[in-house]
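Participant: Mind looking over this structure? Questions follow.
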Amino acid sequence: MGEMHSLLKRQLSRYFSDSFSIPAEWQRFIDAVNNAYREFDIDRSMLERSLELSSQELLQANSEMRAVIQLFPDVFFWLDTDGTIIDFKAGGTADFFLTPSHLVGKRIQSMPQGNVGDKFQQAIYQVQETKSLVSMEYSLVIRGQERFYEARLLPLLEKRIFVIVRNINDRKQAEEALRKAHSELEMRVKERTVELARANEKLQIEIVDRKRAEEELARLYKQTKSLNLLLEEKVKGRTRQLEAVKEAAVLASQVKSDFLASMSHELRTPLNAIIGFSQLLQKQYFGDLNEKQAEYVSNILESGKHLFSLINDVLDLSKIEAGKMELELASVKTKELLENSLVMIKEKALAHGISLAIHTVGDLEDLETMVDERRLKQVMYNLLSNATQFTPDGGAITVESAREEKELIISVSDTGIGIAPEEQEKIFEEFYQTSRGVKDKTSGTGLGLSLTRRIVEMHGGRIWVESDGLGKGSRFVFTLPV
């Protein structure tokens, strides 16, 4: 361009001989041409500099792109429109089965396995038709293991196609696991649905049964309410009857008490006279008696004493039943009381050759208990009298006492006829008398043991009998609180 500018200037100088004779319009033309050449030179320098910089940037970008590609686990293809592989790049961890030297220059449709080539051919055709991104999936068997891949084809300028291939095994495994989980969930949902349906059916049955039960309960409640009203009326009527009976019983008890008190006075007065005169006759203060008369007087005296004892026992039981007997508690030395009790039957025992003994276990010499002394002597007399009554001549009677924790245990043992097991509870009943006895000994009233149990219980104690059977003796035991 500079050479053309110089040539034009020389020709114009020859034509116009010097610059002063050049017309003004030509001069303006020459100046414009000069300015154009100067600007062209500047633009050309700038263009050359820009091209130089663009080439360097392109090389730098290409280097960076290669470095970035190494970071991706993907395979990159550049194809032409017939599917020929123009270039091939693979990341450092790319999972593929061929090297670039085996791929470049070959058609991707010639993939060696199955219908993979056909899939790529169809995808290339679709990219050319739509001019947009197309995705496809395929699988390859590599070293005996099936692997899954996803290919994305993107149209480029100059009739080229850019392809990215990525290993999607993990995604497929995740999808398979998700599918199995979904199938399992569906199965569980179906099973649960069946269970819920059964439960609902059962619940409906239970609701129906419950409704029936509620109806039955309401009916029973109504019936029960009616029965309760009827029962209340009967209870009220029965209560009135019981109150009337109670009043009659109280009145009868009062009448009985009054009668017994009256009879006691009416019977004891002549009975005391009978016993007193019998004793005088027996001692023969008014003359001698023959053998027959002495026997009759002895019988009268024994019968009088028996009747007197019976009257006393009946009166005591009546007082206890009426709640009129009160204990006169006092501090009593236990050992002295037991020794004095033996004195009451000593004469009778000696008459029949029965030995008497007392044994005290532990230190009971000075032990004192709060008891009604007269009533406790009555208990001991009844037990000792029974022992002498049912012990054959030459037998033995033993009184024992011992303390266990907060109880005083007293027993009366004999070597008598014993008590059958079926009679061991009955003997404490009123007026009960055993069918067995000892010859030549007077039978009791049948009230002694009953009265004895009542007195022991009034003291807060217990009484029972122990016997191994007939002919083996018996042992009566009672307790008193200490």
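The values are calculated or read from the model by the stated rules, or taken from the named source; none is laboratory data. Please read these numbers as outputs of a predicted model, since none were measured by experiment. Here Cβ is always computed from backbone atoms with ideal geometry, including for glycine, and neighbour counts include all displayed protein chains. Just so you know, the surface numbers come from the protein's heavy atoms only, side chains and all, with ligands and any DNA or RNA stripped out. Shrake-Rupley method; radii C 1.70, N 1.55, O 1.52, S 1.80 Å.
Participant: Protein chains only, probe 1.4 Å: how do Leu185, Leu315 rank by accessible area, largest first?
Facilitator: Values: Leu185 100, Leu315 25 Å².
Largest to smallest exposure gives the sequence Leu185, Leu315.
Participant: Note down the Stokes-Einstein diffusion coefficient of the stretch 95-252 in µm²/s, whole number, using a Kirkwood radius over alpha carbon pairs, 10 °C, and 1.306 mPa s.
Facilitator: Working: Rh = 24.6 Å.
In µm²/s, the coefficient rounds to 65.
Participant: How far, in nm, would the chain grow between Glu206 and Arg268 when pulled straight, counting 0.36 nm per residue and subtracting the alpha carbon separation? The partial results should precede the final answer.
Facilitator: Details: separation 62, 0.36 × 62 = 22.32 nm, distance 8.13 nm.
The span from Glu206 to Arg268 would gain 14.2 nm if fully extended.
Participant: Same structure, new question: If r is the Cβ-Cβ distance from Val255 to Glu430 and R0 is 22 Å, what FRET efficiency results, to the nearest 0.05? Each step should come with its number before you reach the end.
Facilitator: On the way: r = 19 Å, r/R0 = 0.88.
Efficiency for this residue pair is about 0.70.
Participant: Right, next: Kindly state, to the nearest 0.05, the FRET efficiency for Gln122 paired with Glu146, given R0 = 30 Å and r defined as their beta-carbon distance. All intermediate terms of the calculation are to be shown ahead of the outcome.
Facilitator: Numbers: r = 21 Å, r/R0 = 0.71.
Approximately 0.90, to the nearest 0.05.
Participant: To the nearest 20 Debye, how big is the dipole of the stretch 163-215 about its Cα centre, given +1 on the beta carbon of each Lys and Arg and -1 on that of each Asp and Glu?
Facilitator: Details: 13 positive and 12 negative charges, 59 e Å.
That gives the stretch 163-215 a dipole magnitude of about 280 debye.
Participant: What's the extension gain from Ala177 to Met344 if we count 0.36 nm per residue and subtract their Cα-Cα distance?
Facilitator: Working: separation 167, 0.36 × 167 = 60.12 nm, distance 10.77 nm.
Between Ala177 and Met344, full extension yields an extra 49.4 nm.
Participant: Would the stretch 266-396 count as rounded, prolate or oblate if I go by the C-alpha gyration tensor, calling it rounded below 1.5 in a/c and otherwise prolate when a/b exceeds b/c, oblate otherwise? The partial results should precede the final answer.
Facilitator: Working: a/c = 2.54, a/b = 1.41, b/c = 1.80.
Since a/c reaches 1.5 but b/c is at least a/b, the shape of the stretch 266-396 is classed as oblate.
Participant: In Å and from the alpha-carbon atoms only, list the Rg and Dmax of the stretch 186-229.
Facilitator: 18.4, 62
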